[in-house]
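Input: a single structure, listed below in structure tokens.
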Amino acid sequence: MKIVIAGAGSVGSYMAEELAKLGHGIILLDNDPSVVSRGESIPGVQFVLGDACDADVLAKAGVPDADVVAAVTGDDEDNLVVSLLSKQEFGVPRVVARVNNPKNEWMFNDMWGVDVSVSTPHLLTALVEEAVTVGSFVHLMNFERGQAGLCEVTLAEGSPAIDKQIRDLAWPREASVVGIIRDGHVLPPNGDFVLHANDEVLVLARAEAEDDVRAVLIGS
């Protein structure tokens with residue numbers, strides 16, 4: 001796949017190196033000549049010097065032919081502009097954007113051309129909550145422009161799902177169990193699987209189905 005990454009800081013450079021190792025065609029874009037100069041040593045990555053908020057620069061970087069654009073600069077405004085131009089001007093199929101300030105996360109949606117947003121502070125908070133909380137509904141990550149998300153519940157002793165097979169629970173149509181973690185092992189969530197207390201249940205669900213998922217795993 002052809003991937004254009006806007007922002008050659010530590011996040012962008014790491015992404016570029018790892019994705020290049022997987023065989024993808026990577027173009028890394030930044031307006032700092034010193035950053036570009038340092039990054040040219042990354043094998044398999046093409047660097048373009050310029051302002052990613054400029055449509056002409058994006059065109060020069062090959063965005064019209066890109067399968068994915070990742071806007072991962074340290075500035076939320078820049079990431080939004082890159083996302084909007086990539087989607088509206090060039091019709092990029094998939095746009096991923098980094099959220100630096102959690103207060104700005106509400107803007108990272110399809111109105112700004114963002115398909116997937118990643119807020120590091122929110123993700124870290126959710127992971128800490130997941131590590132220390134039993135019996136709570138933890139939202140880990142959004143997909144499909146916020147219309148679906150990956151959620152986690154560690155089953156408390158009083159959960160209505162305990163000692164029941166997954167197939168026997170009243171799951172909403174727009175939700176699916178994607179994994180179970182028990183005693184440090186990842187287990188396949190087939191219909192015959194019987195849930196136990198302290199199981200970590202990972203569920204992919206649309207936003208409107210999350211309340212029903214809570215009811216199934218936590219109770220009313």
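Odds and ends about this structure:
- Residue within segment 17-29 that is without any contact (Cβ under 8 Å) to a residue 24 or more places away in the chain, assigned by TED's automatic domain parsing to the domain that holds Val81, more than 22 Å from the chain's Cα centre (by Cα) and loosely packed, with under 13 Cβ neighbours inside 10 Å present: no
- Scan segment 1-16 for residues that are free of Cβ contacts under 8 Å to residues at least 60 places away in the same chain, within 23 Å of Ala55 (Cα to Cα) and in a helix (DSSP H, G or I) and the total you get is 3.
- Which listed residue is of a type outside the set (S, T, N, Q), modelled with pLDDT of 95 or more and exposed (fewer than 14 other Cβ atoms within 10 Å of the Cβ), from Asp51, Asp67, Asp76: Asp67
- Members of segment 73-90 that are within 16 Å of Asn31 (Cβ to Cβ), touching a helix residue (DSSP H, G or I) at 6+ places or on another chain (Cβ under 8 Å) and part of a helix (DSSP H, G or I): Val82, Leu85
- Matching residues, segment 18-35, being in a strand (DSSP E or B) and more than 21 Å from Asp78 (Cβ to Cβ): Gly25
- Residue list for segment 144-190, filter: within 27 Å of the chain's Cα centre (by Cα), outside any strand (DSSP E or B) and within 16 Å of Leu204 (Cα to Cα): Glu144, Arg145, Gly146, Gln147, Ile166, Trp171, Pro172, Arg173, Glu174, Pro188, Pro189, Asn190
The values are calculated or read from the model by the stated rules, or taken from the named source; none is laboratory data. Since we're looking at a predicted model, the values are computed, not measured. A quick note on method: Cβ atoms are made from the backbone with ideal geometry, for glycine too, and the neighbour counts reach across all protein chains shown.
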